[in-house]
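In what follows, a single structure is set out as structure tokens and then discussed.
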């Protein structure tokens, strides 16, 4: 009887996990911010630091803000407050999804090191190689991505 209960508990846990993972794409379609399964935006990096320090800086769980369906992490209370005052200025374009992927009509995750600021806007890409591809045709890619966003979430 004990092994049967254990098997049923394992089956129930597996079903719950499958349902949760299966629901993740649907949640992403409703929520235009790229986040981890735990709901942390842009891999936990501080979006303000890209603008102010010119580099990716990991955020801290001590300085968070819930915005647009995700939890954003910041390196300091000052960065959190700066973001809270004007999130549209500091949040990455296309919800933090890969800018090149959005220009191609789909979404992809991002690498915190594969970033650029263009005309004061933060763009993230899947990898350093993809960022180089995006840079070769950057203005056209941004234009295509603007046309595709947020329709690629459907």
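The values are calculated or read from the model by the stated rules, or taken from the named source; none is laboratory data. What you see is a predicted model, and the numbers here were worked out from it, not measured in a lab. Glycine gets a Cβ as well: all are built from the backbone with ideal geometry, and neighbour counts include every protein chain shown.
For the subset of segment 145-154 comprising residues that are out of contact with any strand residue (DSSP E or B) (no Cβ under 9 Å at 6 or more places or on another chain) and crowded, with 16+ Cβ neighbours inside 10 Å, which member is modelled with the lowest pLDDT? Among those that are out of contact with any strand residue (DSSP E or B) (no Cβ under 9 Å at 6 or more places or on another chain) and crowded, with 16+ Cβ neighbours inside 10 Å, it is 153.
Residues checked against (1) over 28 Å from residue 139 (Cβ atoms); (2) over 13 Å from the mean Cα position of the chain (by Cα); (3) touching a residue at least 12 places away in the same chain (Cβ under 8 Å):
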position: 53; (1), (2), (3): no, yes, no
position: 57; (1), (2), (3): no, yes, yes
position: 60; (1), (2), (3): yes, yes, yes
position: 69; (1), (2), (3): yes, no, yes
position: 73; (1), (2), (3): yes, no, yes
position: 76; (1), (2), (3): yes, yes, yes
position: 105; (1), (2), (3): no, yes, yes
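Looking for something in a loop (DSSP other than H, G, I, E, B), in contact with a helix residue (DSSP H, G or I) (Cβ under 7 Å, 6 or more places away or on another chain), farther than 15 Å from residue 49 by Cβ and in contact (Cβ under 8 Å) with a residue 24 or more places away in the chain - is there at least one such residue anywhere in segment 128-146? Checking segment 128-146: not a single residue is in a loop (DSSP other than H, G, I, E, B), in contact with a helix residue (DSSP H, G or I) (Cβ under 7 Å, 6 or more places away or on another chain), farther than 15 Å from residue 49 by Cβ and in contact (Cβ under 8 Å) with a residue 24 or more places away in the chain.
Do you know which of the residues in segment 77-112 that are part of a loop (DSSP other than H, G, I, E, B) and touching a strand residue (DSSP E or B) at 6+ places or on another chain (Cβ under 6 Å) is surrounded by the fewest Cβ atoms within 10 Å (Cβ to Cβ)? Among them, the one singled out is 112. For segment 54-72, the candidate set comprises residues that are assigned to a loop (DSSP other than H, G, I, E, B) and in contact with a helix residue (DSSP H, G or I) (Cβ under 6 Å, 6 or more places away or on another chain); within that set, the residue that is surrounded by the fewest Cβ atoms within 10 Å (Cβ to Cβ) is 57. Evaluated against (1) in contact with a strand residue (DSSP E or B) (Cβ under 9 Å, 6 or more places away or on another chain); (2) surrounded by 12 or more Cβ atoms within 10 Å (Cβ to Cβ), residue 130 falls short on exactly one condition, (1). A count restricted to segment 113-127 and to residues that are outside any strand (DSSP E or B), surrounded by 21 or more Cβ atoms within 10 Å (Cβ to Cβ) and within 11 Å of the chain's Cα centre (by Cα) stands at 1.
Of the numbered criteria (1) in contact with a strand residue (DSSP E or B) (Cβ under 6 Å, 6 or more places away or on another chain); (2) at pLDDT 95 or above; (3) surrounded by 12 or more Cβ atoms within 10 Å (Cβ to Cβ), the one residue 39 fails is (2).
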